[in-house]
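Below is one structure, written out as structure tokens; comments come after it.
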Amino acid sequence: MARLLFLGGLGRSGTTLVERLLGELPGVCSLGEIVHLWQRDIRDDERCGCGSRFSGCTFWQRVGKAAFGGWHEVDVYRVKALQEAVERTRHIPRLASARLPDEHRALVEEYAGYYTAIYRAAAEVSGASVLVDSSKHSALAHCLRWSTDLDMRVVHVVRDPRGVAHSWTKKVSRPETDDAEEMTRYSPGRSAVLWNTHNAALGLLARRGVPVRRLRYEQFMADPRAGLLQLAGFAGLDVSTEDLAFLGESHADLRVGHSAAGNPMRFAVGRIPLRRDDTWVSSLPARQRRLVGAVCAPLLRAYGYPVRTKAGAR
Ligand SMILES: [Zn+2]
């Protein structure tokens, strides 16, 4: 049975960095955001984290062969149709129930089966005992919960929603499209609503018996070494001090990875700085800061964040 560490949370919460650091641990293979693999990689042949086109990446070609007898055997339209039928945010209340109607359960299991085939094959090809999928979507985690041959543990990554909101307003191009496309942008109000929805949905997963570990981005960045050791323990990995030699005081040395899709940070190789991104404190207008704080107030309190913040202070 494949052991999966699923990174959940709203985008722009630091999941890509957490995923890359986890990928440096022995016994771990980071896969990127598998939720996007069907369209962006199999269909559109975008770039893998190693820089090659998906079709030219040896790792993913071996995984495709082991999982399906080759990617050409995967009916991407079927996967997308299943995704539409079972994996939308509006399906979460049903997915989170104790029982599913047989017909619906069959669809959920078929959909989850595509993912577990990839996890199993990636474990076989890489030799890793833990796979990391940073898909983030809470609805996908709820679907995977119904899989009977998957040991899934969820890392629920939370970041101050004002930092998240500020990040969603920025223009970021997508290097995998040779900068032809930009990443999605949201208004602060919209991102605040999404922050509530996705975080509440991940909380619900814990109440359904899935092992969930909450990780606050700000706390993790204050001491990445301690944070990684805790995550390794949660994943059932035995990690020694030497295994963390890639982590410096304020940097990490990253090797080439094979992240299938996600934030442009998945292409970073070599020394990268490890510092908390707090630009929102000075750059997010006060009116928007108040709006996001008000919309997210109940969960802000639950996670130990201040509801009100002053400009230039935390
Ligand atoms: Zn690759």
So, of the residues in segment 44-63 that are in a helix (DSSP H, G or I) and within 21 Å of the chain's Cα centre (by Cα), which turns out to be farthest from the ligand (Cβ to nearest atom)?
63
Criterion violated by residue 84 - all others in (1) open to solvent by less than 40 Å² (accessible area, probe 1.4 Å); (2) of a type in the set (Asp, Glu); (3) more than 30 Å from residue 24 (Cβ to Cβ) satisfied
(1)
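Inspect all residues belonging to segment 20-35 and state whether any of them is open to solvent by 40 Å² or more (accessible area, probe 1.4 Å), part of a loop (DSSP other than H, G, I, E, B), among the hydrophobic types (A, V, I, L, M, F, W, C) and within 16 Å of the ligand (Cβ to nearest atom).
no
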Positions within segment 148-159 being modelled with pLDDT of 95 or more and open to solvent by 10 Å² or more (accessible area, probe 1.4 Å), in sequence order
150, 151, 152, 153, 159
From (1) assigned to a helix (DSSP H, G or I); (2) open to solvent by 50 Å² or more (accessible area, probe 1.4 Å); (3) more than 16 Å from the ligand (Cβ to nearest atom), pick out the condition that doesn't hold for residue 91.
(2)
Tell me, please, whether a residue that is more than 22 Å from the chain's Cα centre (by Cα) and open to solvent by 30 Å² or more (accessible area, probe 1.4 Å) can be found in segment 226-236.
no
I'm told residue 248 meets every condition in (1) modelled with pLDDT of 90 or more; (2) closer than 16 Å to residue 19 by Cα except one. Can you identify the failing condition by its number?
(2)
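The values are calculated or read from the model by the stated rules, or taken from the named source; none is laboratory data. Keep in mind the model is a prediction, meaning the values are calculated, not measured. Every residue, glycine among them, receives a Cβ derived from its backbone with ideal geometry; neighbour counts consider all protein chains shown. Side chains included, ligands, DNA and RNA excluded: accessible areas come from the protein's heavy atoms. Shrake-Rupley method; radii C 1.70, N 1.55, O 1.52, S 1.80 Å.
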